[in-house]
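Written out below as structure tokens is the structure these notes cover.
The values are calculated or read from the model by the stated rules, or taken from the named source; none is laboratory data. On a predicted model such as this, the values are computed, not experimentally measured, just so you know. Every residue, glycine among them, receives a Cβ derived from its backbone with ideal geometry; neighbour counts consider all protein chains shown.
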């Protein structure tokens, strides 16, 4: 019986270690290989009659987190956001600092501190703040996306790609993560085919509403020469024709 308990404990520890390793956040300066992100592309499904089924996008897990927040912290957070809109970063940092000392269970203030650091061109400090936010709330997708932007601006393109891949492992239908991957692949990693995949995913998940992204998709497609859809296996026409009709 004792042996069984020990074995279970060891297995649990191994599983937790594996999960921790899987969710490890890449850091600027690390040498990392690019992650496979094609596995996160949404796929259009069809019924037995060949009729397209409505795609049910996964919801953002961060929005499903329910926690009780002190009213004083809420008021300070609102005041900090107002100060940020006025570019009064000193006031915002003071109020956010009070929250982080008073309530260590919420990640939002750390994200805002990271955003302020970004505005002040303190990229390493921004990275630290976003990492603190993620440590508190591992499903805070906004923190990951902001972290990836900071890493990209630091010239850490592979690391930023890894961070965005991590976002999609948490929420595979995150439109903004797909869009940011498109930016990375096209403008920084010289991989237009992958950029096309993720821009199409972004447009699909966003309902083809962004005209600039539509134009960008068409421009990338003119370079790759790939007219098939990466999302709809039955898409026989040029996907850009559908987007052009929406644009009009």
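Some values worked out for this structure:
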{"read-out": "Residue match in the stretch 93-103 (condition: farther than 23 Å from residue 75 by Cβ, outside the structural domain of residue 181 (by TED's automatic domain parsing) and either in contact with a strand residue (DSSP E or B) (Cβ under 8 Å, 6 or more places away or on another chain) or free of Cβ contacts under 8 Å to residues at least 24 places away in the same chain (or both))", "value": "no"}
{"read-out": "Filter result for residue 92 (surrounded by 15 or more Cβ atoms within 10 Å (Cβ to Cβ) and farther than 30 Å from residue 189 by Cβ)", "value": "yes"}
{"read-out": "Evaluation of residue 50 against (1) loosely packed, with under 13 Cβ neighbours inside 10 Å; (2) free of Cβ contacts under 8 Å to residues at least 24 places away in the same chain; (3) over 29 Å from residue 184 (Cα atoms) (one fails), failing number", "value": "(2)"}
{"read-out": "Inter-residue pairs, beta-carbon under 6 Å, first under 11 Å from residue 200 (Cβ atoms) and in the stretch 219-248, second part of a helix (DSSP H, G or I) and at pLDDT below 90, 6+ apart", "value": "221/240; 229/239"}
